[in-house]
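Asks: Structure below; questions to follow.
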Amino acid sequence: MKRDRYGAFITFEGPEGSGKSTQIRWLAKALHQRGFSVVSLRDPGSTTLGRRLRQALLHSQQPLTPLQEALLFIGGRVALVKERIIPELRKGKVVLCDRFHDSTLAYQGFGGRMNIAWLDRLGRRAIDELMPDLTLILDVPAEVGLRRLRHVPDRMERYGLAFHRRVRRGFHDLSHQEPHRFVVIDATQPAKIVQEKIRCIVSERLAGYFATLQRSR
Ligand code: TMP
């Protein structure tokens, strides 16, 4: 599957309140202005099943174990990959995705104390190993991110500070395991500065990525 795609797949990760959605919106606009064909998706939420699962996972009163959460997030992601990500990559698009497999490892694995290696294997197999070309982690301390929230906290945001600190540490751990795929950006800086850094990193990677594809065709 990895060899059968021509677009570029970029994911955005980070603790609560890291500002991903705004940054993705700005980046999509900038890339579009430079002539790239871009699509922005979110996990969960960009398929019919994903929207239903998002509602159940974030807004139901029902308690769920980390295993139940992981299975639901992964199930939604299978649909996202099949219905949206693969078709868009095959059209040669730049796919920007708000969260992906790494969030399951950080939240259910590190936060929910599940076995990381097992969860990683399960999650990767479920999506046929379709991993991002680049993952940007917008990094903020858990307490800073949670303080930034301007809405009534959802089910995941209501987990305590200790949980969200484990999530942040989880993202750091993951970034050390795959230093080529991950770039960690300090998202406590002003949003415009964060955007400049994101644009620099993405431009450089996209230039390299599309040049390699041209050569291999
Ligand atoms: P969002 O509001 O940043 O889109 O994320 C939705 C929430 O779901 C957020 O609290 C992180 C959480 N989440 C997980 O716990 N596991 C996952 O696999 C994903 C994709 C999100």
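Asks: What angle do you read, to the nearest 10 degrees and between 0 and 90, between the alpha-carbon axis of helix 48-59 and the longest principal axis of the chain?
Replies: 30 degrees
Asks: Viscosity 1.306 mPa s, temperature 10 °C: what is the translational diffusion coefficient of the stretch 110-177 from Stokes-Einstein with a Kirkwood Rh over Cα pairs, rounded to a whole number of µm²/s?
Replies: Working: Rh = 13.8 Å.
Estimated diffusion coefficient is 115 µm²/s.
Asks: Please give the calculated 222 nm ellipticity per residue for the chain, where each DSSP H segment of at least 4 residues contributes -39500 (n - 2.57) and the sum is spread over every residue; nearest 500 deg cm²/dmol? Could the numbers behind the result be given before it?
Replies: Details: 8 runs with 107 residues, N = 217.
Calculated at 222 nm, the ellipticity per residue is -15500 deg cm²/dmol.
Asks: Separate question: Count the net charge of all other residues whose Cβ sits under 14 Å from the Cβ of HIS151, scoring Lys and Arg as +1 and Asp and Glu as -1. Don't skip to the answer; put the middle values down first.
Replies: On the way: positive: ARG147, ARG148, ARG150, ARG155, ARG158; negative: GLU16, ASP154, GLU157.
It works out to a net charge of +2.
Asks: In degrees, nearest 10, range 0 to 90: what is the angle between the Cα axis of helix 191-216 and the longest Cα principal axis of the chain?
Replies: That helix lies at roughly 50 degrees to the long axis.
Asks: Please report the Cα spread of the stretch 14-130 along all three principal axes, rounded to whole Å, starting with the longest.
Replies: Principal extents (Cα only, largest first): 44, 30, 26 Å.
Asks: With point charges of +1 on the Cβ of Lys and Arg and -1 on the Cβ of Asp and Glu, referenced to the Cα centre of the stretch 54-213, which listed residue (GLN68, PRO179, LEU57) lies farthest in the positive direction of the dipole?
Replies: LEU57
Asks: How far, in degrees from 0 to 90, does helix 116-126 lean away from the longest principal axis of the Cα atoms of the chain, to the nearest 10?
Replies: So the inclination is approximately 50 degrees.
Asks: Please work out the Cα center distance from the stretch 9-55 to the stretch 113-185, rounded to the nearest Å.
Replies: Taking the Cα centre of each part, the stretch 9-55 and the stretch 113-185 sit 15 Å apart.
Asks: Which residues' amide hydrogens lie under 5 Å from the amide hydrogen of ILE137, considering only partners 5 or more residues apart or on another chain, with H built in the peptide plane?
Replies: Correct list: GLU13, VAL183, VAL184, ILE185.
Asks: Also: In Å and on Cα atoms, what radius of gyration and Dmax does the stretch 41-109 show?
Replies: Just the Cα atoms of the stretch 41-109 yield Rg and Dmax of 12.4, 41 Å.
Asks: At most 15 other Cβ atoms within 10 Å and a DSSP loop assignment: could you name the chymotrypsin sites (Phe, Trp or Tyr not before Pro) in the stretch 1-99 that fit?
Replies: TYR6
Asks: Right, another one. What residue among ILE198, MET114, VAL39 has its Cα farthest toward the positive end of the dipole of the chain, where the charges are +1 on Lys, Arg and -1 on Asp, Glu, each on the Cβ?
Replies: Looking along the dipole axis, the top candidate is VAL39.
Asks: Next question. Where nothing but the Cβ of Lys and Arg (+1) and of Asp and Glu (-1) is charged, how large is the charge dipole of the chain around its Cα centre, in debye to the nearest 20? Don't jump to the answer; show the numbers that get you there.
Replies: Working: 38 positive and 22 negative charges, 107 e Å.
The calculation lands at about 520 debye.
Asks: Taking each pair of different alpha-carbon atoms in the stretch 90-145 once, compute 1/r for the pair, average those values, and report the inverse of that mean as the Kirkwood hydrodynamic radius in Å to one decimal. Write out the running numbers ahead of the final one.
Replies: Working: mean 1/r = 0.0770 Å⁻¹.
Taking the inverse mean of 1/r over all distinct Cα pairs, the stretch 90-145 comes out at 13.0 Å.
Asks: Shifting gears a bit: Hand me the GluC sites (Glu not before Pro) from the stretch 14-123 located in a DSSP loop with no more than 11 other Cβ atoms within 10 Å, in residue order please. Write down the numbers at each step before the final one.
Replies: Working: sites: GLU16, GLU69, GLU83, GLU88; in loops: GLU16.
Passing both the DSSP loop test and the Cβ count: no residue.
Asks: Checking the a/c ratio against 1.5 first, then a/b against b/c, what shape does the Cα gyration tensor give for the stretch 85-202?
Replies: Numbers: a/c = 1.68, a/b = 1.12, b/c = 1.49.
Here the stretch 85-202 falls in the oblate category.
Asks: Give me D for the stretch 8-216 in µm² s⁻¹, whole number, from Stokes-Einstein with Rh from the Kirkwood sum over alpha-carbon pairs, 10 °C and 1.306 mPa s.
Replies: Values: Rh = 17.4 Å.
It comes out at roughly 91 µm²/s.
Asks: Go ahead and set up a Gaussian network model of the chain, Cα springs under 10 Å, then flag whichever of LEU136, LEU64, LEU53 fluctuates most.
Replies: In this elastic network of the chain, the residue with the biggest mean-square fluctuation among LEU136, LEU64, LEU53 is LEU64.
Asks: Per residue, how much accessible area does the chain have with a 1.4 Å probe, in Å²?
Replies: 51 Å²
Asks: Taking the stretch 119-197, which GluC sites (Glu not before Pro) meet the DSSP loop condition and have no more than 11 other C-beta atoms within 10 Å? Write out the running numbers ahead of the final one.
Replies: Numbers: sites: GLU129, GLU143, GLU157, GLU196; in loops: GLU129, GLU157.
Counting only loop positions with at most 11 other Cβ atoms within 10 Å, the GluC sites (Glu not before Pro) in the stretch 119-197 are GLU129.
The values are calculated or read from the model by the stated rules, or taken from the named source; none is laboratory data. The model shown is predicted, which means the values in this text are computed figures rather than measured ones. A quick note on method: Cβ atoms are made from the backbone with ideal geometry, for glycine too, and the neighbour counts reach across all protein chains shown. The protein model used for the area step is the full one, side chains on, heavy atoms only, and it has no ligands, DNA or RNA in it. Shrake-Rupley method; radii C 1.70, N 1.55, O 1.52, S 1.80 Å.
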